[in-house]
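I have placed the structure first, in the form of structure tokens, so that the comments after it can refer back to it.
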Amino acid sequence: MTEYPGFVTRPDYRIDIHARRNRITVHVGELLVAESVRALLVDEQDHGLVFYLPREDFGVSLRRATGYSTICPFKGEATYWRFDGDGDEPLAWSYEDPAPQVARLRGHLAFYQDRVTLRVGAATPAVSGR
């Protein structure tokens, strides 16, 4: 396992990971790409909220997008994903070997919010105010 320096140099940095049972759907145009009630909501300091969905909840075959590589000092090395028909740009990313502090992200993928339509639906069973 690779060590990433982020939490060593910034021990106060926050990445909160919350399991959510809301129905999350992801579309590219009319195509349903993923649907899950097992998403993780990641609230990272200095970033927007991001949903990570389990790889098993994807309705399309994914393949690695070559030529893309980044390393987050807090989460690890990102792997980028696309599927046939989604154009040249990656659609999603994952951390295949995440830093220990965010190990729950293993096996989950997140989406570029400007390339998909992600909808958050009701939890099942729904939470009612009655």
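Overview of results
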read-out	value
Glu30 within 16 Å of Leu105 (Cα to Cα) and exposed (fewer than 12 other Cβ atoms within 10 Å of the Cβ)	no
Every pair of residues 6+ apart whose Cβ atoms lie under 6 Å, when the first sits in segment 21-38 and is without any contact (Cβ under 8 Å) to a residue 24 or more places away in the chain and over 9 Å from Val116 (Cα atoms) while the second is surrounded by 14 or more Cβ atoms within 10 Å (Cβ to Cβ) and of a type in the set (Val, Ile, Thr)	Ser36/Ile24
Unique match (being among the charged types (D, E, K, R) and at pLDDT below 95) among Glu44, Glu35, Glu30	Glu30
Some residue of segment 19-36 being more than 14 Å from the chain's Cα centre (by Cα), assigned to a strand (DSSP E or B) and more than 24 Å from Glu89 (Cα to Cα)	yes
Qualifying residue in segment 48-66 (condition: part of a helix (DSSP H, G or I) and surrounded by 11 or more Cβ atoms within 10 Å (Cβ to Cβ))	yes
Subset of segment 33-47 (residues that are more than 20 Å from Arg106 (Cβ to Cβ) and either surrounded by fewer than 12 Cβ atoms within 10 Å (Cβ to Cβ) or among the acidic types (Asp, Glu) (or both))	Glu35, Gln45, Asp46
Qualifying residue in segment 101-109 (condition: surrounded by fewer than 18 Cβ atoms within 10 Å (Cβ to Cβ) and modelled with pLDDT under 95)	yes
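The values are calculated or read from the model by the stated rules, or taken from the named source; none is laboratory data. Since this is a predicted model, take the numbers as computed values, not measurements. Glycine also receives a Cβ, built like all others from the backbone with ideal geometry; neighbour counts cover every protein chain displayed.
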